[in-house]
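Report on one structure; see the data block that follows.
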Amino acid sequence: MGIPVKTPAELDRMRESGRLAARVLKAVAREVRPGVSTRDLDGIARDLIANEGANSAFLGYRGFPGCICVSVNDEVVHGIPGDRRVAMGDIVSLDCGVLFRGWHGDTARTVVVGATDPEAMRLVRVTEDALAAAMAAAVEGNRLGDVSHAVQDVVEAAGFSVVREFVGHGIGRALHEDPQIPNFGPAGKGPRLRAGMTLAIEPMVNQRGHEVRVDRDGWTVRTRDGGLSAHVEHTVAVGEGSAEVLTRTDGN
Ligand code: MG
Ligand code: MG
């Protein structure tokens, strides 16, 4: 038992699926603009994923009806693509998971439409900073709690709050493998990290309170107090001196 450690050949496969997920996410993010519907964004992802000979990891997952998750403003994660049209000032979280030749990649980012609201931009920047801090902690010899704590530290220092009910996860042949990766908790606790473990680290950060609720659609997670929420995610491989980001497009 324990957290799977991938072989070098398996890591090569995960680099492929990770790059693919990242390319799709980047392409979809470019299309986020006022007037586009969340279903349009889903369609762009669906076509790109199909053209690559891959599959969405989300479509049909426990019955999820989209290829990607699109979560707007107070929606935290798991927004279902539909008729909603993006408006100036919205913050749009996009989450893309793919399955390619048996291996998964999972990555998310949050786009501020029009970059108008300084507080929304700060929320997204802090969420990205929290992910960067967590990835810096995802090195051999550290403990899983060091990753979790790094997120919480950055988020709470900025006056925002960390969602408790939803967590990051190990990833590989399965979309969700051991371990669960909370975005909060004490440093120095939990399993020891080893090079070759592959983790999807995904801070979900609320502008105000950390409490969330699930919509009647059974999927969409929202902040309870109506505040904004941001979500970013990378799939990484734990390394000896540093983590390797698997969900990078080439050259950035
Ligand atoms: Mg994801
Ligand atoms: Mg994930």
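For the stretch 105-220, what relative contact order do you get, as a whole percent, if you take Cα pairs closer than 8 Å and at least 6 residues apart?
30
Output wanted: per-residue J couplings in Hz (rounded whole) for the stretch 91-101, from phi through Karplus 6.51 cos²θ - 1.76 cosθ + 1.60, θ = phi - 60°, x for Gly and Pro.
Here the 3J(HN,Hα) series is 10, 10, 8, 10, 10, 10, x, 10, 10, 9, 6 Hz.
Enumerate the amide H contacts of Arg143 below 5 Å, restricted to partners 5 or more residues apart or on another chain; note that Pro and chain-start residues carry no placed amide H.
It is Gly188, Leu193, by chain and number.
Measure off 7 Å from each Cα along the Cα-to-Cβ vector at Thr116 and Arg173, then give the distance between these two points in nanometres to one decimal.
5.0
How large is ³J(HN,Hα) for each residue in the stretch 204-211, as worked out from phi by the Karplus curve 6.51 cos²θ - 1.76 cosθ + 1.60 (θ = phi - 60°), to whole Hz, x for Gly and Pro?
Going residue by residue, I get 10, 10, 9, 5, 10, x, 7, 5 Hz, with x marking Gly and Pro.
Out of Met204, Met135, Met121, any idea which swings most in a Gaussian network model of the chain, alpha carbons joined below 10 Å?
Met121
Expressed as a whole number of Å, what is the distance separating the alpha-carbon centroids of the stretch 212-252 and the stretch 16-57?
Cα centres, the stretch 16-57 to the stretch 212-252: 16 Å.
Check which residues have an amide H placed less than 5 Å from Lys6's amide H, if you skip close sequence neighbours.
So Lys6 has HN proximity to Met197, Thr198.
Using each residue's phi in the stretch 31-44, evaluate 6.51 cos²θ - 1.76 cosθ + 1.60 at θ = phi - 60° and report the 3J(HN,Hα) Karplus result to the nearest Hz, with x for Gly and Pro.
After applying 6.51 cos²θ - 1.76 cosθ + 1.60, I find 8, 6, 7, x, x, 6, 8, 5, 5, 4, 4, 4, x, 4 Hz.
Among Ala108, Gly18, Gly141, whose Cα lies farthest out toward the positive end of the dipole of the chain, if unit charges sit on the beta carbon of Lys, Arg (+1) and Asp, Glu (-1)?
Gly18
Cα centroids of the stretch 161-178 and the stretch 70-88: how far apart, whole angstrom?
Computed from Cα coordinates, the inter-centre distance equals 21 Å.
For the chain, what's the relative contact order in percent, using C-alpha pairs closer than 8 Å and at least 6 residues apart?
24
None of the figures in this text is laboratory data; all of them are computed from the coordinates on show. The structure displayed is predicted, hence computed values, not measured ones. Note that we place each Cβ from the backbone using ideal geometry, even for glycine, and neighbour counts take in every protein chain shown.
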